[in-house]
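Input: a single structure, listed below in structure tokens.
The values are calculated or read from the model by the stated rules, or taken from the named source; none is laboratory data. Small disclaimer: the values here were computed from a predicted structure and weren't measured. Here the Cβ is made from the backbone with ideal geometry for all residues, glycine too, and neighbour counts use every protein chain on show.
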Amino acid sequence: MKYALIGCGRISPNHVMAAKNNDLDIVALCDINKENAIDKIIKFDLDSDKVKIYEDYKEMLKNEKPDLVAIATESGKHAAIALDCIEAGCHIIVEKPIALSIADANAIIKAGKEKGVLVCANHQNRFNNSIQEIKKAIDKRRFGKLLHGTAHVRWARDHEYYDRASWRGTWEQDGGCLMNQCIHDIDLLRWMMGDEIDTVYGMTDRLVHHYIEAEDLGIAVVKFKNGSYGIIEGTTNVYPKNLEETLYIFGEKGTVKAGGESVNIIEEWNFSDCFGDEEKVKEECSENPPNIYGFGHSKLYKNVIGAIEGKEELLVDGEAGKRAMELVLAIYKSAAENRPVKLPLDESCSTMDFVKRFDE
């Protein structure tokens with residue numbers, strides 16, 4: 001299966017490694033800064049005669065005709081590139097968020113269906129051993145009635161981080177901590193608690209990072225249609241370094257906590273049915289990845305390849321990517337308008353609705 005990567009920045013090593021781990025035929029790397037692509041060729045010992053380097057992704061699509069393309073550019077360019085890849089007949093993996101507006105997400109999903117290609121949103125934390133085990137427990141109804149869940153992302157991002165890429169923290173190309181750093185945990189919370197949301201009430205602020213446009217703190221309460229609740233806390237203001245990304249699920253018959261730096265460690269595992277060994281589950285389902293990105297990319301790629309080949313169901317499709325992004329937009333809208341917001345959101349809603357939100 002011919003594979004190409006568009007965007008060779010911060011997250012690109014995980015994509016290249018995932019492609020290699022799944023024996024994909026890497027035919028091209030594309031980046032507007034050619035040196036970024038060259039760096040990945042060297043770092044991963046790729047065949048420079050076989051793997052072509054492009055600065056123009058449209059030229060790459062025309063010349064290489066890849067079967068599968070991963071899109072890892074700045075967030076604001078995801079939608080346009082995704083639509084071009086779909087038009088070229090490519091299956092796609094789109095880094096989070098899938099888009100920055102409901103309209104763009106809908107366009108990607110519609111185009112994928114019409115062209116008959118798979119659209120995967122790159123929410124790799126769904127493939128964490130810890131998360132997979134929690135979802136199994138939910139599907140087996142071990143929690144009984146779901147009561148509430150909480151998602152906490154307590155990380156640190158300094159001035160240097162934003163200086164390295166001018167698009168970070170902008171409404172046009174990124175959003176703030178909720179859309180960028182916290183959307184993985186937000187995706188997990190929505191997925192675990194039944195997906196369907198009734199009402200969102202949120203508050204956001206820019207407390208420390210006055211050199212960016214968007215928020216560095218977001219807090220929200222979510223009411224799900226099944227009667228359960230969610231609490232979201234996301235920040236990039238933690239001193240002096242990343243503290244944790246955690247997910248709690250509380251039910252009438254069970255309590256679970258996935259913690260660590262990226263919800264990769266089961267820290268609490270308690271169920272009234274007493275089925276299974278608590279300590280064994282903690283040991284077997286916990287991982288210690290070298291960074292916040294975890295080990296999920298290779299598993300996500302394996303799932304995508306299996307889905308393309310018709311061997312398994314795609315776990316994180318375009319609709320899932322849209323739902324995570326929609327919840328972030330709902331928090332933004334609620335905070336900006338100081339009122340509860342009902343879902344689904346209108347198609348016109350986008351990050352651009354909140355330009356100058358903290359400059360007034």
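Remarks
- Flag if VAL94 is outside the structural domain of VAL328 (by TED's automatic domain parsing) and crowded, with 23+ Cβ neighbours inside 10 Å: yes
- Only one entry of ILE53, ILE32, ILE71, ILE38 meets the criterion of being in contact (Cβ under 8 Å) with a residue 12 or more places away in the chain, more than 29 Å from GLU319 (Cβ to Cβ), in contact with a helix residue (DSSP H, G or I) (Cβ under 6 Å, 6 or more places away or on another chain) and not assigned by TED's automatic domain parsing to the domain that holds ARG157, and that entry is ILE53.
- Of all the residues in the range 66-108, those that are among the β-branched types (Val, Ile, Thr) and not in a helix (DSSP H, G or I) number 7.
- Hits in the range 113-140 - residues which are within 19 Å of GLU326 (Cα to Cα) and in a helix (DSSP H, G or I): GLN124, ASN125, ARG126
- Scan of the range 65-83 for residues that are surrounded by fewer than 20 Cβ atoms within 10 Å (Cβ to Cβ) and more than 14 Å from ALA105 (Cα to Cα), ordered by number: LYS65, ASP67, GLU74
- Here ASP45, ASP39 are screened, and the one residue that is in a helix (DSSP H, G or I) and either over 30 Å from GLU160 (Cβ atoms) or of a type in the set (Asp, Glu) (or both) is ASP39.
- In the set (1) surrounded by 23 or more Cβ atoms within 10 Å (Cβ to Cβ); (2) within 21 Å of the chain's Cα centre (by Cα); (3) not hydrophobic (A, V, I, L, M, F, W, C), TYR57 fails one condition alone, (2).
- TYR162, sole failed condition from (1) in contact with a Lys or Arg (Cβ under 7 Å, 6 or more places away or on another chain); (2) in a loop (DSSP other than H, G, I, E, B); (3) hydroxyl-bearing (Ser, Thr, Tyr): (2)
- Summed over the range 97-124, residues that are among the polar types (S, T, N, Q) and either crowded, with 24+ Cβ neighbours inside 10 Å or without any contact (Cβ under 8 Å) to a residue 40 or more places away in the chain (or both) total 2.
- When ASP174, ASP195 are screened for being of a type in the set (D, E, K, R), farther than 19 Å from GLY76 by Cα and in contact (Cβ under 8 Å) with a residue 60 or more places away in the chain, only ASP195 passes.
- Put simply, of THR199, THR236 the only residue that is modelled with pLDDT of 95 or more and either surrounded by fewer than 21 Cβ atoms within 10 Å (Cβ to Cβ) or small (Gly, Ala, Ser) (or both) is THR199.
- Matching option when the condition is over 23 Å from the mean Cα position of the chain (by Cα) and either among the basic types (Lys, Arg) or outside the structural domain of VAL94 (by TED's automatic domain parsing) (or both), among GLU244, GLU337, GLU313: GLU337
- Number of the condition not met by SER262 [criteria: (1) in a loop (DSSP other than H, G, I, E, B); (2) out of contact with any strand residue (DSSP E or B) (no Cβ under 6 Å at 6 or more places or on another chain); (3) touching a residue at least 24 places away in the same chain (Cβ under 8 Å)]: (2)
- For first residues located in the range 303-314 and surrounded by 13 or more Cβ atoms within 10 Å (Cβ to Cβ), partners that are part of a helix (DSSP H, G or I) and lie 6+ apart or on another chain with Cβ distances below 8 Å form the pairs ASN303/PHE127; GLU312/ASN303; GLU312/GLY306; LEU314/ASN303; LEU314/VAL304; LEU314/ALA307.
Here's the yes/no breakdown for (1) under 16 Å from the mean Cα position of the chain (by Cα); (2) assigned by TED's automatic domain parsing to the domain that holds MET192; (3) not β-branched (Val, Ile, Thr):
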site	(1), (2), (3)
PHE271	no, yes, yes
GLU279	no, yes, yes
VAL304	yes, no, no
ARG357	no, no, yes
